[in-house]
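S.K.: One structure coming up, written as C-alpha cells, with questions to follow.
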Amino acid sequence: MKKALIHDWYYVNGGAEKVIQSLNNVWPDFEHYALIDFLDDKERNKIFTGNNKNVNTSFIQKLPSAKSNHRKFLQLFPHAIEQFDLSAYDIVLSSSASIAKGVLTHQNQLHICYCHSPMRYAWDLYHHYLKEANLTGLKGLYAKYVLHNMRTWDVVSSNRVDVFIANSNFIAKRIQKIYNRESTVIYPPVDVENFRLVEEKEEYYFTASRMVPYKKIELIVRAFNQMPSKKLIVSGDGPEFQKIKKTAHYNIELLGFVEHEQLKQYLEKAKAFVFAAEEDFGIIPVEAQACGTPVIAFGRGGILETVIKNETGVFFYKQVPEAIIAAVDEFEKMTFNHGAIRQNALRFSKERFETEIKDFILTKYANFKEDRL
C-alpha cells in the first residue's frame, strides 16, 4: 500500500501530534502532508520515525506572518488543502480537527479520517471565538461571513471521507450531529508506561495546560484564590499567562512552561489533578491517573469516558469557582485506591491504540479492495 498521512498543521507538539507519532510507529513509510510545518528539530524528532521526516506543505507556508499567526488565513484553508495531489496513494489517512479531511481523493482510494473534532471554531466554539477575539463591527461581520462559509465547506467536504474514526464517544456524537455520519471510536494513545505509580502524595493540587481561554485555567485559579489553605501549582504558558499571574494569590504557584520530566514529577506527587475544560478526550488527565493521581474535573466531554466517578476522581458540573470549591471539599472527604486509578489509565495505552488502528485500517482496506474486484 502506498500511504499518505495528512495532518491539519505542525506548529506545536500536542495531543493530536501524539496520534501522528503512534501512526508513524505503525507505518514509518507514510508520506506526510499539512497546511504548514513550523516544528523545530527537537519536536520533529519526537513525532516522526524512520527516515521520512519531510512534510509537504501548502502555499500557506510561504505567506507573510504564517508562522506567527496562520489562522489569519482561515478563508484560504479550503483552497489550500484541495491543492494537494494525492491521486497516487492507495490509502489517504487524515488527522483532522479542522481542515485535513477535506483533501480530494478518487474512487479507487480509501480515505479514512481520524477525527479529533469537527472544526471547533466554526461550530461549538463559534460564539466563544468571536467574543474572545473581540470581533465586532465590520471585522465581526467579515468573520461571521468567513465562518459561515467554513461551516458549509466543512459539511460538504465530510462526504469526501469514506470512513470516520472518532477519538471518543463524545466526538462520535458530534460527528453524527454535524456530518450525519457514523464513526468508530478508537481512543488516542497515551504513553501511560512513561509514568510511574506514586502512592505517597504531597499536599498540593496541580493543573497543567496551554493558557488559552477555553482551557479555563483562570477559573481554577479564581477558585483556589478562595481556598487560601490549599496549595495549587499551575504549569503552562500561553496568551493568558500574565493575566492569570496577576490574578493568583499567594497560595498559587505559576511555573510557566516545564519540561516533560518535571511535569511528570508534579503529576506523580499531586494530591489531585484539577481539570476545568470541556475536552474532546483529554490526554493529561489520563497521564495523571497513570501516576495514581485522582482527577477533579468538569463533568462534560471526553473526560466522562476516562475518569470513573468516585473511583478515579470527582466531577463538578458548572464552570464556576463555587462548583470547583464544592468538588474539592467533596474530594477531601474521600479515599482513593491509587493502584486502581493507574489500572484505569492503562486502558488508553499507546500499544492498545497502535494495535487497534492497524487492525482497523487493514480490515477496511481489505474490504475496500474486495468491493472493487
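Nothing in this text is a laboratory measurement; each read-out follows from the coordinates by a stated rule. Since the structure is predicted, the reported quantities are computational estimates derived from the model, not experimental observations. With ideal geometry, Cβ positions are generated from the backbone for all residues, glycine too; neighbour counts draw on all protein chains shown.
S.K.: Mind checking Rg over Rh on the stretch 192-348, alpha carbons, Kirkwood formula for Rh?
M.R.: On the Cα set of the stretch 192-348, Rg over Rh gives 0.92.
S.K.: Looking at the stretch 314-343, which trypsin sites (Lys or Arg not before Pro) are in a loop (DSSP not H, G, I, E or B) and have at most 13 other Cβ atoms within 10 Å?
M.R.: LYS318, LYS333
S.K.: Which order do the peptides 232-238, 23-29 come out in when sorted by mean C-beta neighbours inside 10 angstrom, highest first?
M.R.: With the highest mean Cβ count within 10 Å placed first, the list reads 232-238, 23-29.
S.K.: So, one more: Test of the criteria: in the stretch 14-70, which trypsin sites (Lys or Arg not before Pro) are in a DSSP loop and have at most 13 other Cβ atoms within 10 angstrom of their Cβ?
M.R.: Loop-located and lightly packed - LYS67.
S.K.: Could I ask something else about it? Mind listing which trypsin sites (Lys or Arg not before Pro) in the stretch 209-245 are in a DSSP loop and have 13 or fewer other Cβ atoms within 10 Å?
M.R.: none
S.K.: Still on this model: Tally Lys/Arg at +1 and Asp/Glu at -1 over every other residue whose Cβ is under 12 Å from the Cβ of MET150; what's the total?
M.R.: Net charge in that neighbourhood comes out at +3.
S.K.: For the stretch 24-122, report the translational diffusion coefficient in µm²/s to the nearest whole number, using Stokes-Einstein at 37 °C, 0.692 mPa s, and a Kirkwood Rh over Cα pairs.
M.R.: The calculation lands on 224 µm²/s.
S.K.: Once Rg and Dmax of the Cα atoms in Å is worked out from the coordinates, which option in [x] 31.8, 95; [y] 21.1, 70; [z] 19.4, 61 does it equal?
M.R.: Only one listed value fits the structure, namely [y].
S.K.: For a quick check, take a GNM of the chain with Cα springs below 10 Å and name the residue from GLN107, GLN343, GLN61 with the largest mean-square fluctuation.
M.R.: Largest GNM mean-square fluctuation: GLN107.
S.K.: Right, another one. Using a cut-off of 11 Å between beta-carbons, work out the net charge of the residues near ALA345 (Lys and Arg +1, Asp and Glu -1, ALA345 not included).
M.R.: Once all neighbours under 11 Å are counted, the net charge is -1.
S.K.: Distance check, please: which entries in LYS139/LYS177; LYS2/LYS53; LYS18/LYS231; LYS264/LYS350; LYS18/LYS358 exceed 19 angstrom between their Cα atoms?
M.R.: Check vs 19 Å cut-off fails for LYS139/LYS177; LYS18/LYS231.
S.K.: Scan the chain and note any complete DSSP helix (H) whose C-alpha atoms cover at least 20 Å along its axis and whose Kyte-Doolittle average is -0.5 or more.
M.R.: Taking the DSSP H segments of the chain (at least 20 Å long, mean hydropathy at least -0.5), we get 137-158.
S.K.: Follow-up question, since we're still on this one. Would you please put 294-304, 256-266, 196-206 in order of how densely packed they are, using the mean number of other Cβ atoms within 10 angstrom per residue and starting with the highest?
M.R.: Going by the mean number of other Cβ atoms within 10 Å, highest first, we get 294-304, 196-206, 256-266.
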